[in-house]
Amino acid sequence: MEPVTRNDPRTPCGHAYCLGCLRDLFKASMQDESLMPTRCCRQAIPLALAKLTLKEIEDYNAKQLEYSTTDRLYCSQPTCSTFIPPKSIVNSIGTCPKYVCKIYFEK
């Protein structure tokens, strides 16, 4: 844990986090649904405060969509089990967004 400085990000409730700890908190919320959305004092922390990479932002947004979706659907391939977002479900049939699974089903 690094000491907090005047320049470190402040959450909406006013608490300050060192950037490393804030990034770790966002990454933890991608692994633990109970931490999503990432928050402090029950207030959501803006994603921009964590200064995540573009890939991390995409992963976070994907997990946020997954965790907020009721009646979730996952790929039936045991080696995949990827979440199928609502936009990939048409007439109650889900299409896995992973390219590998699309190839598998075309054979």
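Values in this text are rule-based calculations from the coordinates and carry no lab data. It should be emphasised that the depicted structure is a prediction, and the values quoted were computed from it without experimental measurement. Every residue, glycine as well, gets a Cβ built from its backbone with ideal geometry; the counts of neighbours run over all protein chains shown.
Close contacts from segment 7-35, counting a first residue that is closer than 15 Å to ASP59 by Cβ and a second that is polar (S, T, N, Q) and surrounded by 12 or more Cβ atoms within 10 Å (Cβ to Cβ), with Cβ to Cβ under 6 Å and a gap of 6+ residues or different chains, come to LEU25/THR38; PHE26/THR38; SER29/THR38; LEU35/SER29. Residues in segment 65-83 that are buried (at least 17 other Cβ atoms within 10 Å of the Cβ) and under 23 Å from LEU47 (Cα atoms): GLU66, TYR67, PHE83. Restricted to helices (runs of 4 or more DSSP H) entirely inside segment 17-107, those with at least 2 residues that are farther than 24 Å from ASN7 by Cβ and among the charged types (D, E, K, R) are 54-68, 99-106. Taking (1) part of a loop (DSSP other than H, G, I, E, B); (2) surrounded by 15 or more Cβ atoms within 10 Å (Cβ to Cβ); (3) small (Gly, Ala, Ser) in turn, GLY14 satisfies each apart from (2).
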